[in-house]
Every structure is written in structure tokens, then in C-alpha cells.
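The values are calculated or read from the model by the stated rules, or taken from the named source; none is laboratory data. Treat the numbers as computed from the prediction; the structure is a model and nothing was measured. Every residue, glycine as well, gets a Cβ built from its backbone with ideal geometry; the counts of neighbours run over all protein chains shown. To get the accessible areas, we keep the full protein, side chains included, count just its heavy atoms, and leave off ligands, DNA and RNA. Shrake-Rupley method; radii C 1.70, N 1.55, O 1.52, S 1.80 Å.
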Amino acid sequence: MLPILLRLKNFFKQHLLIILGWFFVLLGIIGILLPVLPTTPFLLLASALFSKSSPRFHRMLLNNAWFGPIIQQWEANKTLSRKIKYRASFLIISIFSISIVCLEKKLHLQLLLIGIAFALLFFLWRIREQPE
């Protein structure tokens, strides 16, 4: 009886991790379009979940043309290249600037977005850089 329960537990754990992985991939994709949701942490979390539950989905993320190399670099040595940091900073600044302009006459929301943007940039630039 015990081996059956153990297999059942592993089955549910594996499938829960896969479902959570896809949930975070979806949040990462939404984060590309919405300035408040950060894309990279969600994709890194999805990669970690897939590495524990589905080698196939993990390889799929690692082989993705857009964010696969970034995830591979992160998994290898927990660093980002300066080029990626500049790209991410440009996206953060441009998307948040558009959002701030769209929220004219709502100073409290504009200040909130400015604060979030500065926090994102602060944490982004604190990440170690890949040696050249």
C-alpha cells in the first residue's frame, strides 16, 4: 500500500510543479506587455520548476530564441550580461514612461510607477555581471 501512495504523491507533485511552471511562463509573457509584472523572475522561476518536474519543458525554455540564453546564463553562474541589463533598463524606462504619460493628472499613480521603476532598476543593476 505504501509504494502506491508514494507513487501517487510523486505523480501529483510532478504535475503540480508543471502546472505552476506554465502559470509562471504565462505571467512572464503577460509581463512583457505590462510594466508592473517583471518578466525575467517569472521565467527563472518557471525554469526552476520545470527542472524539478519536466526535463522536456525545461529544455524548451532553455532553447527558446528570445530568453533561453539569458536563462542558461543565469542557471550557469547567476549573472547577467551588461548588454541584457541595458536592454532591460531601456524597456523598463520606456514602458514605464508611456504608462506615466497615460496617467496624466493622477500624480499618486505616476509617483507609484516612478518608485516601482526605480526599484526594478536598482535590483537589476545589483545583479552580478558576466565577466567579459
>> Which condition from (1) touching a residue at least 12 places away in the same chain (Cβ under 8 Å); (2) among the aromatic types (Phe, Trp, Tyr); (3) closer than 26 Å to residue 20 by Cα; (4) loosely packed, with under 15 Cβ neighbours inside 10 Å is the one that residue 66 breaks?
In response: (1)
> Quick check, is residue 74 of a type outside the set (S, T, N, Q), open to solvent by 40 Å² or more (accessible area, probe 1.4 Å) and closer than 21 Å to residue 127 by Cα?
Replying inline: yes
> Considering region 115-124 alone, what residues qualify as being surrounded by 14 or more Cβ atoms within 10 Å (Cβ to Cβ) and out of contact with any Phe, Trp or Tyr (no Cβ under 6 Å at 6 or more places or on another chain)?
Replying inline: 116, 120, 121, 124
> Would a scan of region 6-18 turn up a residue that is without any contact (Cβ under 8 Å) to a residue 40 or more places away in the chain and closer than 16 Å to residue 61 by Cβ?
Replying inline: yes
>> Any residue at all in region 17-34 that's of a type outside the set (Asp, Glu), farther than 21 Å from residue 72 by Cβ and in a loop (DSSP other than H, G, I, E, B)?
In response: yes
>> I'd like the residue in region 31-56 that is among the β-branched types (Val, Ile, Thr) and open to solvent by 60 Å² or more (accessible area, probe 1.4 Å) and, out of all such residues, is modelled with the lowest pLDDT.
In response: 36
> Among the residues of region 17-26, is any under 30 Å from residue 111 (Cβ atoms), hydrophobic (A, V, I, L, M, F, W, C) and surrounded by 12 or more Cβ atoms within 10 Å (Cβ to Cβ)?
Replying inline: yes
>> Being open to solvent by 50 Å² or more (accessible area, probe 1.4 Å) and free of Cβ contacts under 8 Å to residues at least 40 places away in the same chain is true for just one of 82, 59. Which residue is that?
In response: 59
> Taking residue 14, is it among the polar types (S, T, N, Q), under 18 Å from residue 123 (Cα atoms) and part of a helix (DSSP H, G or I)?
Replying inline: no
>> Given the condition hydroxyl-bearing (Ser, Thr, Tyr), touching a residue at least 40 places away in the same chain (Cβ under 8 Å), under 30 Å from residue 49 (Cβ atoms) and surrounded by 16 or more Cβ atoms within 10 Å (Cβ to Cβ), answer yes or no: does some residue in region 95-105 qualify?
In response: yes
